[in-house]
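Have a look at the structure below, then the notes.
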Amino acid sequence: MRRLQLIELHEQPWFPRFLRNDITDTLQWALNFSSAYASIAPLFQNALRSADRRSVIDLCSGAGGPWLDLARRLKLEIAGFHVSLTDKFPNIAAFENAQAFPDVSIDFCRRPIDATRVPVELAGFRTMFSAFHHFPPALARAVIQNSVDAGQGIGIFEITRRTVPAVASMFLWSLSSFLFTPFVWPFRWSRLLCTYLVPVIPFVLLFDGIVSCLRTYRPSELTELVGKLSGTGYQWQAGEWRVSIFKAPITYLIGFPCRS
């Protein structure tokens, strides 16, 4: 299945901001409720220790991604672990909710952050969850190159895959929103109206979910992107992380400066 650089509706500049926030809140809730990225905690923990980092700069955070679940797991293993959320279209209400969550150390950047031009003052191991597929190859390389130029480690993780079963699963994913929408926090009437009265949100979840699968990079393609970077002295690994036959594998790319 060839990678297609299609568009996702909720990432377009013309897409209503309130709907974008409703959708990113839904995605964030689902990631944490299902512990979708929990299995990569040991892998990421080893990367942080190899890079000698305790702080994370999360790019394209949406409404906070999987961090309410994942930060709690990593905090138990890494003393002083801390996450800073950033996004080109920051969902401030969701970020504030994540910051107030007990037992995790999370803050956020209020101003828009372009993942290809991260300010140098935002120092830390960079991460991106379920977002790297948004970038066409030239911009995808720019995201990684910017991290290398800044001397920062980077971890890219995707639960979508460019396979027929993954595409088919998006239909079940969109239908499941009719069940869990009332439990998504923070509560908004607009989310209920746009799910049950006029089902815009389920439609966007289906459309964008299928597009996400068709845009997702495979490990070999991630390795090819890294091979075209300028600069040396980095250790890279790419692959699919699977801990159980009952869970879909997570595609990942991890890179960090080699210790001298």
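The values are calculated or read from the model by the stated rules, or taken from the named source; none is laboratory data. Remember, predicted model here, so these are calculated numbers, not experimental data. Neighbour counts are summed over all protein chains in view; Cβ atoms, including those assigned to glycine, are modelled from backbone coordinates with ideal geometry. Heavy atoms of the whole protein, side chains included, go into the accessibility calculation; ligands, DNA and RNA do not. Shrake-Rupley method; radii C 1.70, N 1.55, O 1.52, S 1.80 Å.
The listed residues Ser190, Ser230 rank as Ser230, Ser190 when sorted by accessible area, largest first, using a 1.4 Å probe. Farthest towards the positive end of the charge dipole of the chain, among the residues Asn146, Phe15, Ser177, is the Cα of Asn146, using unit charges on the Cβ of Lys, Arg, Asp and Glu. Of all lysines in the structure, those lying under 30 Å Cα to Cα from Lys247, and not within fewer than 8 positions of it along the same chain, are Lys75. The GluC sites (Glu not before Pro) of segment 1-103 meeting both criteria, a DSSP state outside H, G, I, E and B (loop) and at most 16 other C-beta atoms within 10 angstrom of the site's C-beta, are Glu77. Average accessible surface for the chain: 46 Å² per residue, computed with a 1.4 Å probe over protein heavy atoms with every protein chain in place.
Carbon and sulfur: what percent of the chain's accessible surface (1.4 Å probe)? Intermediate results must be reported in sequence, preceding the final value.
Numbers: 7550 of 12060 Å².
C and S fraction of accessible area: 63 percent.
Gain on full extension, evaluated as 0.36 nm per residue between Leu197 and Arg111 minus their Cα-Cα distance, stands at 27.6 nm. Straight-line cross-link reach from Lys228 at under 13 Å between alpha-carbon atoms covers no aspartates and glutamates, not counting any fewer than eight positions away in the same chain.
Amide H contacts of Tyr234: Cys258, each under 5 Å away and 5 or more positions distant or on a separate chain (H built 1.01 Å from N in the peptide plane; Pro and chain starts excluded). Each Cα pair under 8 Å and six or more residues apart adds its separation to the average, and for segment 110-234 the resulting relative contact order is 31 percent. The listed residues Lys247, Lys228, once ranked by accessible area (1.4 Å probe) with the largest placed first, stand as Lys228, Lys247.
For the chain, the relative contact order works out to 23 percent when only alpha carbon pairs closer than 8 Å and six or more residues apart are counted.
Taking 19 Å as the cut-off, the amide N atoms of segment 31-73 that come nearer than this to a point 7 Å along the Cα-to-beta-carbon line of Leu179 belong to 31-37.
Of the labelled figures [x] 23.7; [y] 13.3; [z] 14.5, only one reflects mean projected area of the Cα convex hull in nm² as derived from the coordinates, namely [y]. Within the full protein context, the accessible area of Ile40 is estimated at about 0 Å² for a probe radius of 1.4 Å.
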